[in-house]
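Everything on this sheet refers to the single structure shown next.
Just so you know, all these numbers are worked out from the coordinates, no wet-lab data involved. As the structure is a computational prediction, the values presented were derived from the model and not from experiment. Here Cβ is always computed from backbone atoms with ideal geometry, including for glycine, and neighbour counts include all displayed protein chains.
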Amino acid sequence: MSMTNKSNKKALAVGFVALGCPKNVVDSEKMLALIAEKGFIVGADIDNADIVVINTCGFIQPAVDEAEEVISRALGKKRKGKIKKIVVAGCLPQRQKQQLLQKFGQIDAVVELGQRDNIAEIIENLFGDSQMRFYQSPVGWTDNTQDDTDRLLINSAHWAYLRISEGCDKFCSFCTIPAIKGKFRSKPLDNIIVEANQLASAGIVELSVIAQDSANYGKDSNQKDGLVKVINELEKIDSLGWIRLMYLNPSGIDEILIETIAKSKKVVHYIDMPIQHINSDILKRMYRSDTKEKITGLIEKLRKSIPDCILRTTVIVGFPGETEKQFAELLDFIKEVRFDALGCFAYWPEQGTKAAQLPDQIPQDVKENRREELMLAQQKIAFAKNKAHQGQVLEFLIDQIQPDGLAIGRFYGQAPHIDSICAVNNCKAEPGSFIKAKVTGYQDYDLLADAEM
């Protein structure tokens, strides 16, 4: 008997696990909306679901390990009869294809990225006569961008991600993204603005603009100043309070973009700029077009043009051939430049990348020790910067009110789900409101503040 009729679907609850980066969150939100539109119940946790959809990341081995752990947990519940069907979607199927079915034989469907918009029909097929278990991306799926409108937001009712492009053409020697996501392709500007207006109409007051490289927007179609055009159009949306630019590779940040950010009334003065390293030889082996001189000059220019700019970056330690001297150069640079926020990753030799084939791979314990040393140095910087905020009155966006009445918010220098937060006392505002509060102290990475009465 088929279970695809409407009345039976309403009795089936779908538990959704969203793993990975903000781009994956957008895909998860789109899939959830499509599943709900078909009449399935969404929002169940993994312990109480009939169907579990796991949207995976496959960027680096730790992400693969996390995905496999979630899959194993779901399969354990399926063997006990608590879960009927398990669907694994996203980057990991795109990268590993049939290996997932070989390793986890009880998975009911493996769904590649290009099949995202068919997720509801795929779930329906699980209860029909179809024997299909592997849903491969169609030929040419990387020639276009996907429609991200009509999403079911999972993070917040007042902030959301806005994806402006997909894929990447950089081909950094350590990165799997081009192999997983395909070539770089910008979403048409009109589509971006339709989506942004839809989000704003739904109550979103902060948009985090995301892409693999946001600064590269429009260059695949020979547009000049593409991201500036996006900014100018987004600024016309009256109800938006903050526009946050994420993932700006240094090579794409020019004077026009800097000037646009500096003069903007909505783009927050927050630059997320992954440098990956500072030694020019390492950068060359990473296939990065940057050099130490270029990065240093850009940071000086940013801080001169936008004095209150918050700088966030990511770096990789333990890249093949990284000497103690080259690591020390990176460590000294971090101490000197004093980034406001920093993420550090120990290098992983990902299968299929150029860097994995390089000689002089660094032992894992050495990589981890270097990562710990660098993050301890950054911790001192972050705590000192927090201390410097004491006494300042800042504007905060309130994210939530806890049961004890304490408000959790962020100032413009704190990106959602990535950076620290601020605990605000005496706050009477609702989530999604902007308030003024005086910073009274800090607890580790988080700020403490009192709302102005």
| Does a label point 7 Å from the Cα of T149, set along Cα-to-beta-carbon, have any residues of the stretch 172-188 with amide nitrogen under 16 Å, and which are they? | 187-188
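Of K170/K266; K387/K438; K82/K181; K265/K304; K224/K335, which pairs sit farther than 24 Å apart, going by alpha carbon to alpha carbon? Write down the numbers at each step before the final one.
Numbers: K170/K266 29 Å; K387/K438 13 Å; K82/K181 34 Å; K265/K304 18 Å; K224/K335 35 Å.
Too far apart for the 24 Å limit: K170/K266; K82/K181; K224/K335.
From the square roots a ≥ b ≥ c of the eigenvalues of the alpha-carbon gyration tensor of the stretch 393-451, which class results: rounded (a/c under 1.5), prolate (a/b over b/c), or oblate? Please report the intermediate quantities before stating the final value.
On the way: a/c = 1.29, a/b = 1.18, b/c = 1.10.
In terms of gyration-tensor shape, rounded.
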| Label point at E452 placed 7 Å out along Cα→Cβ; residues across the stretch 394-411 whose backbone nitrogen lies under 14 Å | 394-397
| note | Karplus ³J(HN,Hα) for the stretch 145-161 (6.51 cos²θ - 1.76 cosθ + 1.60, θ = phi - 60°; Hz, whole; x = Gly/Pro) runs 9, 8, 7, 9, 6, 6, 8, 9, 5, 10, 9, 7, 8, 10, 9, 7, 8
| For the stretch 198-203, what does the Karplus curve 6.51 cos²θ - 1.76 cosθ + 1.60, with θ = phi - 60°, yield as ³J(HN,Hα) per residue in whole Hz, taken in order and with x for Gly and Pro? | 4, 5, 5, 5, 8, x
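Rounded to the nearest 500 deg cm²/dmol, what is the calculated helix-only ellipticity per residue at 222 nm for the chain, with -39500 (n - 2.57) per DSSP H run of length n ≥ 4? If you can, show how the numbers build up before the last one.
Numbers: 14 runs with 155 residues, N = 453.
Result for the chain, helices only: -10500 deg cm²/dmol.
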| task | Within 10 Å, count the other beta carbons around each residue, average over each peptide in 135-147, 267-279, and list them highest first. | result | 267-279, 135-147
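Indicate the gyration tensor shape class of the stretch 143-387 (rounded, prolate or oblate), computed on the Cα atoms with a ≥ b ≥ c the square roots of the eigenvalues: a/c under 1.5 is rounded; otherwise a/b larger than b/c is prolate and the rest oblate. If you can, show how the numbers build up before the last one.
On the way: a/c = 1.89, a/b = 1.47, b/c = 1.29.
Since a/c reaches 1.5 and a/b is larger than b/c, the shape of the stretch 143-387 is classed as prolate.
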| query | So which lysines can K436 reach, going by Cα to Cα under 16 Å and dropping same-chain residues fewer than 8 places off? | reply | K428
| message | Under the √(5λ) rule applied to the eigenvalues of the Cα gyration tensor, what semi-axes describe the equivalent ellipsoid of the chain? Give them in Å, descending. | response | 36, 28, 22
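Mind checking the full-extension length gain between T314 and Y287? Use 0.36 nm per residue of separation minus the Cα-Cα distance, one decimal, nm. Spell out each step's value before the answer.
Working: separation 27, 0.36 × 27 = 9.72 nm, distance 1.61 nm.
Extra length available between T314 and Y287 comes to 8.1 nm.
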| field | Karplus-derived HN-Hα couplings along the stretch 267-280 (A = 6.51, B = -1.76, C = 1.60, θ = phi - 60°), whole Hz, x at Gly and Pro | value | 6, 5, 7, 9, 10, 9, 10, x, 9, 6, 6, 10, 6, 5
| note | Once normalised by the length of the chain, the mean sequence separation of its alpha carbon contacts under 8 Å that are 6 or more apart gives a contact order in percent of 10
| What residues have an amide H closer than 5 Å to that of I275, excluding those fewer than 5 places away on the same chain, when H is modeled at 1.01 Å from N in the peptide plane? | T314
